[in-house]
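Structure first, commentary second.
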Amino acid sequence: MMQMKLARRMSELKASEVREILKVTERPEVISFAGGLPAPELFPVDEIKKVIELVLDEAGPRALQYAITEGNPPLRKWVAERLNRQYGLSLDIDNVLLTSGSQQCLDLAGKLFLDEGDLVLCESPTYLAAISAFRAYGCRFLEIETDDDGMVPESLERALKENDRARLIYAIPDFQNPSGRTWSLSRRKALAELAGRYQVAVVEDNPYGELRFEGEHLPAVKSFDKDGCVLYCGTFSKIFCPGYRIAWVAGEADIINKFVMAKQATDIQCNTLAQMSLAKYVEMYDIDAHIERIRAVYKKRRDLLLQTMDECFPQSVRFTRPQGGLFTWVELPEGLNARDLLVECLKLDVAFVPGGAFFPVEPRENTLRMNFSNMPEERIIEGVTRMATKLPGRARAQL
Ligand SMILES: Cc1ncc(COP(=O)(O)O)c(C=O)c1O
């Protein structure tokens, strides 16, 4: 056992539950609804081969050299213009910083805004890895009451009024991880308004917004941000491929500049070749057509997952019906523990993530998250059918 003294913050860090479960799911026979992996068969491997070769032909050593912290200018311009089109914003390149995944943006936001003992206001439940990123800065969390339409504004306002240490509001308004829920228009407006009134930063984390299967495209919280409090995070992980580790944060130029300083101290810049080849990819290929293909596959998988759960799960088990994204959220009857269910399901080679870890303050152990993007269709049906045998009560279809 090592004798070296670790920093206090390390005592706050636990091995990610998802990562631990994923180790088990590496066995090929396991049907995994755990993790949040995109479907690898949709990665544009041939196109990436071409763009990397082109970039190396055209730019040569420049593609392998250090580059500016802010990120590749053509790619930042592309991001700014896309957000302007999608959300009626007026960003230019100084409003955009490229980060190593949105995960780095969460870490940088912690670095910028959180002193020890400060408070992060988040949805209940919220994204597990955001909890870990913020927790490393010694913050506390307050779970804001959250329903199917997002954070309840009265609950958020009360928290802001009563806590002068509130420094960050963290929200995932589209097809939330883990719940699959989407915030209503009025809740988005209310969040932007409250953040402005109380002058508290919002991290609007939106990795899934482009993966809408149905229903109306909604404006971002950033669209209503009159006071410059909202930082909008997007990523290429789910619309291109996660291994590239390229994402972005968009906001007011002065605050983006602080993010740039923080990133500089962390890793100087994102990988130059990755940035340049991605810039070439969006120039040469139709990423919207690519996203459309991803959407079609995930919609089919979501439909199958929900349909099979409808048929096989007992009436007492409830689940969300996400309009996009990668996840649905399951609530077992009170008193049942999803960790126990996981132990049983692993005996049948089926995995999911117990929901408790997604609540930073008050775990609800009768919940769990199911991912539907990563398993082929026949395995989705088989996995849900096996899970159902471990759930108490009669299947809906038999009632
Ligand atoms: C809500 C949320 N934020 C951030 C991330 C991290 O994404 P990235 O691959 O861009 O770091 C994920 C990935 O699953 C996510 O679900």
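The values are calculated or read from the model by the stated rules, or taken from the named source; none is laboratory data. Worth saying up front: this structure is predicted, and the values here are computed from it rather than measured. Positions of Cβ are generated from backbone atoms using ideal geometry, with glycine treated the same way; all protein chains shown enter the neighbour counts. Please note that ligands, DNA and RNA were not included when accessible areas were found on the heavy atoms of the full protein model with its side chains. Shrake-Rupley method; radii C 1.70, N 1.55, O 1.52, S 1.80 Å.
Return a whole-number percent for the relative contact order of the chain, with Cα pairs under 8 Å and 6 or more residues apart as the contact set. All intermediate terms of the calculation are to be shown ahead of the outcome.
Working: 758 pairs, mean separation 92.4, N = 399.
Relative contact order of the chain: 23 percent.
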Quote the Stokes-Einstein diffusion coefficient, in whole µm² s⁻¹, for the stretch 95-216, based on the Kirkwood radius over alpha carbon pairs, a temperature of 25 °C and a viscosity of 0.890 mPa s.
168 µm²/s
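In nm, what is the difference between 0.36 nm times the number of residues separating Leu346 and Phe213 and their Cα-Cα distance? Walk me through the numbers on the way to the answer.
Values: separation 133, 0.36 × 133 = 47.88 nm, distance 3.04 nm.
In short, 44.8 nm is gained.
Rounded, prolate or oblate: which fits the stretch 164-314 when a ≥ b ≥ c are the square roots of the eigenvalues of the alpha-carbon gyration tensor, with rounded for a/c under 1.5 and prolate only if a/b beats b/c?
Values: a/c = 2.10, a/b = 1.17, b/c = 1.79.
Oblate.
Could you list the chymotrypsin sites (Phe, Trp or Tyr not before Pro) in the stretch 87-154 that lie in coil according to DSSP, counting only those with at most 16 other Cβ atoms within 10 Å of their Cβ?
Details: sites: Tyr87, Phe113, Tyr127, Phe134, Tyr137, Phe141; in loops: Tyr127, Tyr137.
Sparse-neighbourhood loop chymotrypsin sites (Phe, Trp or Tyr not before Pro): none present.
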Would you look at the GNM of the chain, springs on alpha carbons closer than 10 Å, and say which of Asn257, Asn72, Asn206 moves the most?
Asn257
Under a crude label model (7 Å from the Cα following the beta-carbon direction), how far is Asp286 from Ala253 in nanometres?
3.6 nm
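Take the alpha-carbon positions of the stretch 35-117, form their convex hull, and give its projected area averaged over all directions (one quarter of the hull surface) in nm². The partial results should precede the final answer.
Values: hull surface 35.8 nm².
So the Cα hull casts an average projection of 8.9 nm².
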Pairs of alpha-carbon atoms within less than 8 angstrom and 6+ residues apart define the contacts here; what relative contact order does the stretch 154-261 have, in percent?
23 percent
Going through the cross-link list Lys50/Lys300; Lys49/Lys258; Lys14/Lys258; Lys49/Lys238; Lys50/Lys222; Lys14/Lys263, which pairs have a Cα-Cα distance over 27 Å in this structure?
Lys50/Lys300; Lys49/Lys258; Lys14/Lys258; Lys50/Lys222
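Any idea what the alpha-carbon Rg over 2.2 N^0.38 Å comes to for the stretch 1-139?
Details: Rg = 20.0 Å, N = 139, 2.2 N^0.38 = 14.3 Å.
Compared with the compact-globule rule of thumb, the stretch 1-139 sits at 1.39.
Taking GluC sites (Glu not before Pro) as candidate sites, keep only those in a DSSP loop with at most 14 other Cβ atoms within 10 Å, then name the longest stretch of the chain containing none of them. Present the calculation step by step, with values, prior to reporting the outcome.
Values: sites that count: Glu26, Glu29, Glu116, Glu145, Glu214, Glu216, Glu334.
With a cap of 14 other Cβ atoms within 10 Å, the longest stretch comes to 217-333.
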Could you pull out every one of the lysines with an alpha carbon less than 17 Å from that of Lys226, ignoring same-chain neighbours closer than 8 positions?
Lys189
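Could you give the length gained on full extension between Glu157 and Val297, defined as 0.36 nm per residue of separation minus the Cα-Cα distance, in nm?
On the way: separation 140, 0.36 × 140 = 50.40 nm, distance 3.95 nm.
So the extension gain works out to 46.5 nm.
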Computed D for the chain, Stokes-Einstein, Kirkwood radius over alpha-carbon pairs, 37 °C, 0.692 mPa s, to the nearest µm² per second, is 149 µm²/s
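Which FRET efficiency value, to the nearest 0.05, do you get for Arg379 and Asp115 by plugging their Cβ-Cβ distance into 1/(1 + (r/R0)^6) with R0 = 35 Å? Spell out each step's value before the answer.
Working: r = 46 Å, r/R0 = 1.33.
After rounding, the FRET efficiency stands at 0.15.
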Accessible area per residue for the stretch 47-160 in Å², computed with a 1.4 Å probe and the full protein assembly in place, what is it?
44 Å²
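Would you mind computing the Rg to Rh ratio of the stretch 46-284 from its alpha-carbon coordinates, Kirkwood style for Rh?
A ratio of 0.98.
Let me have the relative contact order for the stretch 46-284, percent, based on Cα pairs under 8 Å that are six or more residues apart.
Details: 429 pairs, mean separation 67.1, N = 239.
It rounds to 28 percent for the stretch 46-284.
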Can you give me the pair-distance distribution of the stretch 267-330, C-alpha pairs, 10 Å bins, whole percents?
17, 30, 22, 19, 11, 1
